[in-house]
C-alpha cells in the first residue's frame, strides 16, 4: 500500500500523487502547447543513505520543499523503523536543483521509534511543518503514531526539530493511526482505518494552538454516521487549502453498490468542531470497487479513486469520480477513465487535483516499457 504525492506548480497542480518504489522523479511544465501542460523531468531524488528495501517514495510537496517517506529504512532505532527525507529546491523555477536538507527520525518518550514501526508510511508538508505517520508503532503493534517536525533558522542553515509525537488517542493494538495524513497550515487530519467500537475506522482532526506560548495539537475524533466494522474509514484523507473541508475515504464500506463498493465522507468545520456534511458513492458502484482508496480535494471539488472498478476497459481497469459542491450539496459531475483502459490497470490508484485539473495514476498499466510499468 504505497501512496505517493507530488505538486506540479508550473502545471497549476496544487497536489498530486505518483507511484514509484525507491526513487522519486520530479517534473515541471515546459512550454505549454495549445494551453496544455508539457511536463519535463527535472531530476531524480534518492536518499543519501539509500539501501535495499527502504521503500523510499511516499511523497508530499509544498512550494520548494519535498518530504519523502522511506517506511522500511533501517537506522539506529531499528530495522524497518522508517524515516523521512526533506529536499529543498534552489535556483529559478523550472530549472532549480533539489538537494537533501534533512533526514527526519522521530523520538517518543516512552517506547521511542523502534523496529517495525514504519515511520514514513504517510507524509505531509505545509510551509515549515512536516507530518510523518508511523502506523505500526510501537514495535510493530500497529497502534500508530505521528511525528510533527518544524523548520527554523536563517536561509541556508535551517534545521528541522521535532515539535510533537502524538500517539493514537485510543491506545490499543491494530488501529493503524497514521496510515494516512493531510496537513494544511495549522490543521491536520489523520486516518486510523481500523478502530474499536464497530465504527469501521476513525479520523482525527488536529488544530495547532499556542496558549501561553506552549504549542499544542488539539484532537477531535470523528466516525462516519453509518460506519460498521471493516469499512476502513480513514484509509485515505485530504484537507482543503481553506482548512474548512476534508474528505475521508472508506474503501471497504458496503452499500447499495455491493460488498466493499466503498464510499467517501465529507466533513466541514463548524465553529471548533468537524461535522459530517455528505457521504459520496459512485453512481454505478459495484462490489470490490474500492471507491475511496484515494481521495483529493480542492475548493468545492472532490475526486475519488476507484482502482478496481470494472467497465468497458476491463476488469479492475479502474476509474475516478469527480464531485462538486453547490451550497451544502455534493453531486457527481463526471466519471473519468483512461482512453486506453485495459483489465488490471488500476487507474485511480493515485490522484492529483488542483482547480480544474486532475491527474490520475494507473499503477499497473501495461505499455511499451513493460507489464505493470504504470
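Throughout, read-outs are computed from the coordinates displayed, never taken from laboratory work. Computed from a prediction, not measured in an experiment: that's the story for all the values here. Positions of Cβ are generated from backbone atoms using ideal geometry, with glycine treated the same way; all protein chains shown enter the neighbour counts.
Annotations for the structure displayed:
- Using a simple spin-label model with pseudo-atoms 7 Å out from Cα toward Cβ, residue 111 and residue 44 lie 3.7 nm apart.
- Gain upon complete extension [residue 315, residue 272; 0.36 nm per residue less C-alpha separation]: 11.1 nm
- When both region 300-374 and region 246-271 are represented by their alpha-carbon centers, they are found 17 Å apart.
- Mean Cβ count within 10 Å, highest first, over the residues of peptides 148-158, 49-59: 49-59, 148-158
- Note on residue 210 and residue 76: with the Förster distance fixed at 30 Å, the Cβ-Cβ geometry gives a FRET efficiency of about 0.40.
- When you restrict to C-alpha pairs under 8 Å that are six or more residues apart and normalise by the size of the chain, the relative contact order lands at 9 percent.
- Prolate/oblate/rounded label for the chain (Cα gyration tensor, a/c 1.5): rounded
- Of the residues 217, 135, the one with the fewest other Cβ atoms within 10 Å heads the list, and the complete ranking is 217, 135.
- Taking each residue as 0.36 nm, the span from residue 343 to residue 279 lengthens on full extension beyond its C-alpha to C-alpha distance by 20.2 nm.
- Neighbour-count order for 193, 367, 311, fewest beta carbons within 10 angstrom listed first: 367, 311, 193
- In this calculation the C-beta distance from residue 221 to residue 371 is compared with R0 = 30 Å, giving a FRET efficiency of 0.10.
- Pairwise centroid distance, computed over Cα atoms, of region 94-123 with region 138-156, Å: 7 Å
- Just checking the listed ones, 66, 214, 166: in the Gaussian network model of the chain with Cα springs under 10 Å, the one fluctuating most is 214.
- Sorted by Cβ density within 10 Å, fewest first, the residues 145, 336, 136: 336, 145, 136
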